[in-house]
1. Is one or more of the residues making up the range 152-170 polar (S, T, N, Q), touching a Leu at 6+ places or on another chain (Cβ under 9 Å), without any contact (Cβ under 8 Å) to a residue 24 or more places away in the chain and not in a helix (DSSP H, G or I)?
2. Starting from residues that are β-branched (Val, Ile, Thr) and without any contact (Cβ under 8 Å) to a residue 60 or more places away in the chain, keep the ones in the range 10-25 and report whichever is nearest to GLY192 (Cα to Cα).
3. Yes or no: ALA360 more than 26 Å from GLU393 (Cα to Cα) and within 52 Å of the chain's Cα centre (by Cα)?
4. Which condition from (1) aliphatic (A, V, I, L, M); (2) in a helix (DSSP H, G or I); (3) exposed (fewer than 13 other Cβ atoms within 10 Å of the Cβ); (4) modelled with pLDDT under 80 is the one that LEU258 breaks?
5. Say we look at the range 132-190 and pick out the residues that are touching a helix residue (DSSP H, G or I) at 6+ places or on another chain (Cβ under 6 Å) and of a type in the set (Val, Ile, Thr); which of these is farthest from ILE20 (Cα to Cα)?
6. Looking at the range 298-334 only, could you name the residues that are surrounded by 13 or more Cβ atoms within 10 Å (Cβ to Cβ), out of contact with any Asp or Glu (no Cβ under 8 Å at 6 or more places or on another chain) and among the polar types (S, T, N, Q)?
7. If the requirement is being free of Cβ contacts under 8 Å to residues at least 60 places away in the same chain, surrounded by fewer than 17 Cβ atoms within 10 Å (Cβ to Cβ) and within 30 Å of ARG58 (Cβ to Cβ), which of these qualifies: VAL139, VAL178, VAL182?
8. Can you find a residue in the range 204-219 that is in contact (Cβ under 8 Å) with a residue 24 or more places away in the chain, touching an Asp or Glu at 6+ places or on another chain (Cβ under 9 Å) and among the hydroxyl-bearing types (Ser, Thr, Tyr)?
Amino acid sequence: MTLRQRIRSTRFVLTLWYSIILLAAFILFGAGVYVYLRHVEEAGLEQNLVEEIDWISRLVDLERSRIDVWTLSDLSNDVGQRIVAHYNVNPRNYDVVLAFVNGTILYRSPSGRSFLVSGTILPPDRTLLQSVTSPDREVYRVALRRTDPFIIQVAYSETATETVLGHLLSIFGVLMPVVLFVAFAGGWIMAGMVLRPIGQITRLADRISAKNLSERIPQRDVPDELGQLITTINRMIARLESSFSQIREFSLSVAHELRTPLTILKGESELALARALTREETERLVTTYLEETVRMSRIVDDLLTLAKADAGQIKIQKEAVELSRLLRDIHEDAVILSSDKPLNVELRRNDQVTVLGDEARLRQLFRVLLSNAVQYTDPGGSVSISSRRAGGEVHIDIEDTGIGIPQDALDKVFQRFYRVDEARTRVKGGSGLGLSIAQWIANAHSGSVSVRSAVGKGSCFTVTLPVRDG
């Protein structure tokens, strides 16, 4: 397998999609963790800034109430000492500024930055939170509160938070290639495990040929997609086996049917070449040639009809057909057909119905059934035709008092070349294809043909066709 073929293989495509999905899930997870941690850090920082503002505000109120006559220096020193002591116990890198509303600074923590704004734009006793960028491009989160006549500022650099989040991004960046490699390797192994049964099915199916169509792929215990695939393949092989069997039987039947007339023609030809023939012998020989040629032509025509029907090359030209008129014509044909032996051919019932179909094909269907009824009924018997409407269907019965059909052969009489009594059928000139053609015509008209029979009592073929109303 070339590299291009390997890249386009099912295993590679499955592995690629698995890796992409897993990588996308990892990226979404990382992004979610990053956003969540940033939110937690920012919320925590703002909460701490507000708490420091509250503490300093209470400290200022306490110191101001403790000093009866206070000065700026006293308040500034006391507040500064308390703030320094507080942050010595709880070291934090806060920039604290205490100032009057007019901007005069009372206290500033060591190395503290001032981000004070005009007190007139601050609402009283409200904490204002904002992000401010210093001249050296460092971002601070600043909390401001106006407690007349003071403004309190507590600021904290966001550098530490950004550093932690930057380390987190670096970790994700390092892990991403590892995750991608693990995902691709794992996907490749998993795809191979999933596709391994398909490979086994392929090898088993590849061993099955026309010589061993009886073999089947072992079924899985689990009715999953692979189990359904195996079931479908086994059903397909069963249909192929049935088709091959039918083709084989059909070929043998055709060869058998054509061998008899060809043997007769060969024997008569050898006899004619062996000696000089009289006029009477010549006439008999020509008659034999003609009869066998007609018989072979009939077989070939029937085979051609069925072959075209199987291939869907015969179009049924459907039009409104008055069935009662058609059956009257068929009755007259049956009377003529049975003229060489005394048979009672009767049209017992003939309901007035119209069907949608090809009149020529329907006529062929009934002639096949009537021809069989006349052929297999001994002199003195009877053949009857009747049609009756039942709802949206019409049932046409062609019944005889002939030799009948054994029960074990009723489901086989419509098979091609099947004969109940092969020797007798050949004498009577049948090809074994008439009932197959009749069944095809009935099915092509959305109908059916069935048979019931008893040996020695006769047979009844019933054709069912849909009625065309209006």
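1. The answer is no, given that none of the residues of the range 152-170 is polar (S, T, N, Q), touching a Leu at 6+ places or on another chain (Cβ under 9 Å), without any contact (Cβ under 8 Å) to a residue 24 or more places away in the chain and not in a helix (DSSP H, G or I).
2. Filtering the range 10-25 for residues that are β-branched (Val, Ile, Thr) and without any contact (Cβ under 8 Å) to a residue 60 or more places away in the chain, the one nearest to GLY192 (Cα to Cα) comes out as VAL13.
3. When the stated conditions are applied, ALA360 does not pass them.
4. (3)
5. Applying the filter and picking the extreme gives THR147.
6. THR305, the sole residue that qualifies.
7. VAL139
8. Yes: the range 204-219 contains one or more residues that are in contact (Cβ under 8 Å) with a residue 24 or more places away in the chain, touching an Asp or Glu at 6+ places or on another chain (Cβ under 9 Å) and among the hydroxyl-bearing types (Ser, Thr, Tyr).
The values are calculated or read from the model by the stated rules, or taken from the named source; none is laboratory data. Note that the coordinates shown come from a computational prediction; the quantities given were computed from them, not determined experimentally. As a convention, Cβ positions derive from the backbone with ideal geometry for all residues, glycine included, and neighbour counts pool all protein chains shown.
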